[in-house]
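Note sheet for the following structure.
The values are calculated or read from the model by the stated rules, or taken from the named source; none is laboratory data. This structure is a prediction, so every number in the text was calculated from the model and none was measured. Ideal geometry is used to build each Cβ from the backbone, glycine not excepted, and the neighbour counts take in all protein chains shown.
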Amino acid sequence: MEINWNLVKEMTLWHYEDLIKKMLKVLSYNFVQEYYSHTTKEAGSYLNKLLGYNPKYEEYMTKLNNNFQKLDSLKIQNYGDLVHKVETREKCEEFLRSTEIPFKELISTLNYIFRWVLPFRNVYLSQLVETSNEPQKTYISKLRKCDIRFNLDILELARTKEGRIRLSEETGIPEAFIFDLVNRADLTRLPYMSSKTVDHLCSAGYTSIDKLARVRAERLKEDMKTYFDGKGIKLGPFIDTKGLACWARAIPKIIEV
């Protein structure tokens, strides 16, 4: 059994402890536990929905599918179960010894779960509003005082109509603003999504996951090109319009209208 801990940072950009800590933080959200509780058998199906649109992922998908099949045979229940079983270096080493899963394949699987499956907790709510809009800045300040700072925080508390009404009553923030903020935060659940891309999508009229999920990839590309042409910017490969349309249909639907 060969373990090279330096390989973790090379593959994921994080040291092992930091990667696990970030994953456990995301997995601590109730909505993540509810909507991302794929069994290892379901994980393979979800992988195909997420990346099967592009042939360039074929080899990557084959390896991951093999890994999930192996995890399924080991009775690993879901993503959270796997992370908890390897949450320390000592536990990881014991897991590898008992399962004979190659270290590199384990890290590849964890990285896929972290980067592609689980929503990122990396966007401050202040990044999702107009910085020049004083009322919006005031609303964000009120939310921050309630310890609601990140994209996943607002989704946790306001993904339901009841939650938005309660939050509006508690803070004095208009429910309409909260709902718009929730939809913007929801867009950040798409793989590799930044606040800047969210702003581009919303400005082009794609203000929710639901709208993205209903559009054909070709139409989305046309609309985004029109939007960028209007700003004098060439639509480059940094926005994978085909991927966006596919991912919007694949990810769990968590917003209640």
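So that you can scan it fast, the table gives a plain yes or no per residue for (1) surrounded by fewer than 16 Cβ atoms within 10 Å (Cβ to Cβ); (2) in contact with a Ser or Thr (Cβ under 7 Å, 6 or more places away or on another chain); (3) assigned by TED's automatic domain parsing to the domain that holds E34; (4) of a type in the set (S, T, N, Q):
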position	(1), (2), (3), (4)
I140	no, yes, no, no
L155	no, no, no, no
G163	no, no, no, no
E169	yes, no, no, no
N183	no, yes, no, yes
S194	yes, no, no, yes
R214	yes, no, no, no
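How about the stretch 78-112: which of its residues are over 22 Å from the mean Cα position of the chain (by Cα) and within 13 Å of E17 (Cα to Cα)?
Across the stretch 78-112, the qualifying residues are T88, R89, E90, K91, C92.
Pull up the stretch 78-99, narrow it to residues that are of a type in the set (D, E, K, R) and touching a residue at least 60 places away in the same chain (Cβ under 8 Å), then point me to the one that is nearest to Y46 (Cα to Cα). Break it down stepwise before answering.
Restricting attention to the stretch 78-99, the residues satisfying the condition of being of a type in the set (D, E, K, R) are 81, 85, 87, 89-91, 93-94, 97.
Narrowing the set further to residues that are touching a residue at least 60 places away in the same chain (Cβ under 8 Å) leaves 87, 89, 93, 97.
Working: E87: 24, R89: 28, E93: 28, R97: 28 Å.
Among those that are of a type in the set (D, E, K, R) and touching a residue at least 60 places away in the same chain (Cβ under 8 Å), it is E87.
Could you please let me know if D153 is in contact with a Phe, Trp or Tyr (Cβ under 9 Å, 6 or more places away or on another chain) and either over 26 Å from Y36 (Cβ atoms) or not in a helix (DSSP H, G or I) (or both)? Walk me through it before giving the result.
Working: in contact with a Phe, Trp or Tyr (Cβ under 9 Å, 6 or more places away or on another chain): yes; either over 26 Å from Y36 (Cβ atoms) or not in a helix (DSSP H, G or I) (or both): no.
No.
Report whether or not Y79 is out of contact with any Gly (no Cβ under 9 Å at 6 or more places or on another chain) and among the hydroxyl-bearing types (S, T, Y).
Working: out of contact with any Gly (no Cβ under 9 Å at 6 or more places or on another chain): yes; among the hydroxyl-bearing types (S, T, Y): yes.
Yes: the conditions hold for Y79.
Of everything in the stretch 71-119 that's of a type in the set (K, R) and either outside any loop (DSSP other than H, G, I, E, B) or not assigned by TED's automatic domain parsing to the domain that holds D18 (or both), which residue is nearest to M1 (Cα to Cα)?
Taking the stretch 71-119 first, the residues of a type in the set (K, R) are 75, 85, 89, 91, 97, 104, 115.
Narrowing further to those that are either outside any loop (DSSP other than H, G, I, E, B) or not assigned by TED's automatic domain parsing to the domain that holds D18 (or both): 85, 89, 91, 97, 104, 115.
On the way: K85: 18, R89: 14, K91: 14, R97: 7, K104: 11, R115: 26 Å.
Applying the filter and picking the extreme gives R97.
Being hydroxyl-bearing (S, T, Y) and assigned to a helix (DSSP H, G or I) is the filter here; which residues of the stretch 180-197 pass it?
Of everything in the stretch 180-197, those that are hydroxyl-bearing (S, T, Y) and assigned to a helix (DSSP H, G or I) turn out to be S195, T197.
Can you find even one residue in the stretch 101-110 that is within 24 Å of V32 (Cβ to Cβ) and hydroxyl-bearing (S, T, Y)?
yes
Do the conditions hold for E10, that is, is it over 24 Å from P252 (Cβ atoms), of a type outside the set (K, R) and without any contact (Cβ under 8 Å) to a residue 40 or more places away in the chain?
Values: over 24 Å from P252 (Cβ atoms): yes; of a type outside the set (K, R): yes; without any contact (Cβ under 8 Å) to a residue 40 or more places away in the chain: yes.
Answer is yes for this residue.
Looking at (1) within 17 Å of E105 (Cβ to Cβ); (2) surrounded by 16 or more Cβ atoms within 10 Å (Cβ to Cβ); (3) within 19 Å of the chain's Cα centre (by Cα); (4) not polar (S, T, N, Q), which is the one condition that is false for M11?
Here M11 meets the rest and fails (2).
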